[in-house]
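Report on the following structure.
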Amino acid sequence: MPEYLARDIVENIKEIINQDINYIDTDAVIIASTNISRVGTFHGGARRVLKKKDEVIIQYDGEYEGTKQGINLPVFFQNDIVGVIGITGSEEEVGKYGKIIKQMTEILIKEAYVVEQEKIERESRKQFIEELLYRIHNEDKRTLNMRSELLNIRIDIPRIVMVARIYQDYDNNAVSTPLLQEKVYNFIRSYIDFNKQNLIIQSGMNYILILDKKSLNDISSLAESIHDSIKDKYEIKLCFGIGRCSIDVDEMRKSYEEAKKALDVVLVTKEKYVMNYSDLDTDLLLNEVSDLTKDTFIDGVFKKMKPTEIDGYMEILIRYFKNNGSITKTADELFIHKNTLQYKLNKLNRLTGYDPRITKDMVVLYLAVKIYGQINNK
């Protein structure tokens, strides 16, 4: 019995009865007690309990070595005696609690065992999935199949990999903590554990979901539901990247890489919180471009403009491109006259040499808007 668990048991029982409680291990040594001075001392009464496998009532202090008046009962787990629980006090005071305290202790031990087994299983599945995705070991197919069967993880079914991460808004102090990360993990799991082949692990800052394609009709809708619910419950944003469907381990790795790229785009652009890799267009291309190249491109396009001027034109261009070049719609959204917008576009042409009303120039300015957004959102 780990000492931390014995301490938890003692503290839990102390809340129910106002008596000193001891937990004694199978060597008859007190390993947890509400009377700290007794921790680490020998308990002769517990030695008798361990031999008899039955309760021992101590009538007076010192009746056995290291004992005080009270009742001591054996604690069993899976038919084996794993310790002794002792309650200090007269038989009249504590006798009525004996059976209840014994049962409660055994229940707490069982619950702790279940939790520990779940932790072991979770860690084993995490290790296996990380090895699948990161190619830590090049195992032969037979060994891989054996391990997957032991863990009840099917690797021969159509799967989609989704990678999620808490969006850290440092300006608003919304920084994820280990406790919050665990809550989010359990929250996401509650959405997918209707099918045991829907898997989730936490790896670093990311939550990796490997989903059974057949059990879910719309992965994007699932991500949106989780996002909305978690935002309401914890007031945080959870961003998602979704890879394409895979049918074997090699494709699963590819789906994982795709999901990570889609998530990177979400985190950088901040335009959406769910992104499918298959929906990526210029974002995918720009995500592969180096930061140096992006900076050089922006400096070349806006070299004659001050930062404040660039920021002012960003809103104009974003709305202009969203409205497919419509002067009327863009002017209405900006609450300016059409002639004012035309004047601003003419000025942009003079400053940059690019006119968004000309197709080839529009492409350059569209890329500039995308890249400028990526640089300033990092």
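The values are calculated or read from the model by the stated rules, or taken from the named source; none is laboratory data. Computed from a prediction, not measured in an experiment: that's the story for all the values here. Using ideal geometry, Cβ is built from the backbone for each residue, glycine included, and neighbour counts are taken over all protein chains shown. Quick note on the areas: whole protein, heavy atoms, side chains included, nothing else; ligands and nucleic acids left out. Shrake-Rupley method; radii C 1.70, N 1.55, O 1.52, S 1.80 Å.
If I ask for residues that are more than 20 Å from Lys370 (Cα to Cα) and either polar (S, T, N, Q) or under 18 Å from the mean Cα position of the chain (by Cα) (or both), which ones from the range 241-276 would you list? Result: Ile242, Ser246, Ser255, Tyr256, Ala259. Of the residues making up the range 318-329, those that are surrounded by fewer than 13 Cβ atoms within 10 Å (Cβ to Cβ) and either in a helix (DSSP H, G or I) or aliphatic (A, V, I, L, M) (or both) are Lys322, Thr328.
The single condition among (1) farther than 20 Å from Arg7 by Cα; (2) touching a helix residue (DSSP H, G or I) at 6+ places or on another chain (Cβ under 9 Å); (3) touching a residue at least 24 places away in the same chain (Cβ under 8 Å) that Ile71 does not satisfy is (1). Of the set (1) surrounded by fewer than 16 Cβ atoms within 10 Å (Cβ to Cβ); (2) in contact (Cβ under 8 Å) with a residue 60 or more places away in the chain, all apply to Val161 but (1).
Residue-level analysis places Glu315 outside the set of residues that are among the charged types (D, E, K, R), out of contact with any strand residue (DSSP E or B) (no Cβ under 7 Å at 6 or more places or on another chain), assigned to a helix (DSSP H, G or I) and in contact (Cβ under 8 Å) with a residue 24 or more places away in the chain. Residue pairs whose Cβ atoms lie under 6 Å apart, separated by 6 or more positions or on different chains, with the first residue in the range 3-16 and open to solvent by 30 Å² or more (accessible area, probe 1.4 Å) and the second at pLDDT 85 or above and not small (Gly, Ala, Ser), are Glu3/Ile31; Lys14/Ile21; Lys14/Thr34. Scanning the range 32-90 for residues that are open to solvent by 20 Å² or more (accessible area, probe 1.4 Å), over 18 Å from Lys14 (Cα atoms), of a type outside the set (D, E, K, R) and part of a loop (DSSP other than H, G, I, E, B) turns up Gly40, Thr41, Gln59, Tyr60, Gly62, Tyr64, Gly66, Gln78, Asn79.
The one condition from (1) under 23 Å from the mean Cα position of the chain (by Cα); (2) open to solvent by less than 80 Å² (accessible area, probe 1.4 Å); (3) without any contact (Cβ under 8 Å) to a residue 40 or more places away in the chain that Lys126 does not meet is (3).
Between Asp291, Asp264, Asp332, the distinction of being charged (D, E, K, R), surrounded by 12 or more Cβ atoms within 10 Å (Cβ to Cβ) and in contact with a helix residue (DSSP H, G or I) (Cβ under 8 Å, 6 or more places away or on another chain) belongs to Asp264 only. Within the range 213-234, none of the residues are open to solvent by 50 Å² or more (accessible area, probe 1.4 Å), of a type in the set (Lys, Arg), over 19 Å from the mean Cα position of the chain (by Cα) and within 28 Å of Ile120 (Cβ to Cβ). When you look at Phe187, is it on the phi < 0 side of the Ramachandran plot, surrounded by 15 or more Cβ atoms within 10 Å (Cβ to Cβ) and assigned to a helix (DSSP H, G or I), yes or no? Yes; evaluated as a whole, the condition is true for this residue.
Please go through the range 22-31 and pick out each residue that is charged (D, E, K, R) and farther than 19 Å from Glu11 by Cα.
Correct list: Asp27 only.
Looking at (1) modelled with pLDDT of 85 or more; (2) part of a loop (DSSP other than H, G, I, E, B), which is the only condition Glu139 fails? Condition (1) is where Glu139 drops out. A search for C-beta distances below 8 Å between a residue of the range 337-357 that is more than 17 Å from Glu309 (Cβ to Cβ) and any residue that is among the β-branched types (Val, Ile, Thr) and assigned to a helix (DSSP H, G or I), counting only pairs 6+ apart in sequence or on different chains, returns Lys338/Ile327; Lys338/Thr328; Gln342/Ile327.
Return yes when Tyr113 is within 20 Å of Tyr23 (Cα to Cα) and open to solvent by 20 Å² or more (accessible area, probe 1.4 Å) and no when it is not. Quick ask: steps written out before the conclusion?
On the way: within 20 Å of Tyr23 (Cα to Cα): yes; open to solvent by 20 Å² or more (accessible area, probe 1.4 Å): yes.
Taking the combined requirement at face value, the residue satisfies it.
Only one residue in Phe297, Phe335, Phe321, Phe302 is aromatic (Phe, Trp, Tyr) and at positive phi. Which one?
Working: Phe297 fails: at positive phi; Phe321 fails: at positive phi; Phe302 fails: at positive phi.
Result: Phe335 is the single residue among Phe297, Phe335, Phe321, Phe302 that is aromatic (Phe, Trp, Tyr) and at positive phi.
Return the residues of the range 342-378 that are open to solvent by less than 70 Å² (accessible area, probe 1.4 Å), polar (S, T, N, Q) and out of contact with any Ser or Thr (no Cβ under 8 Å at 6 or more places or on another chain); say none if nothing qualifies. Within the range 342-378, Gln342, Asn346, Asn349, Thr352 meet the criteria.
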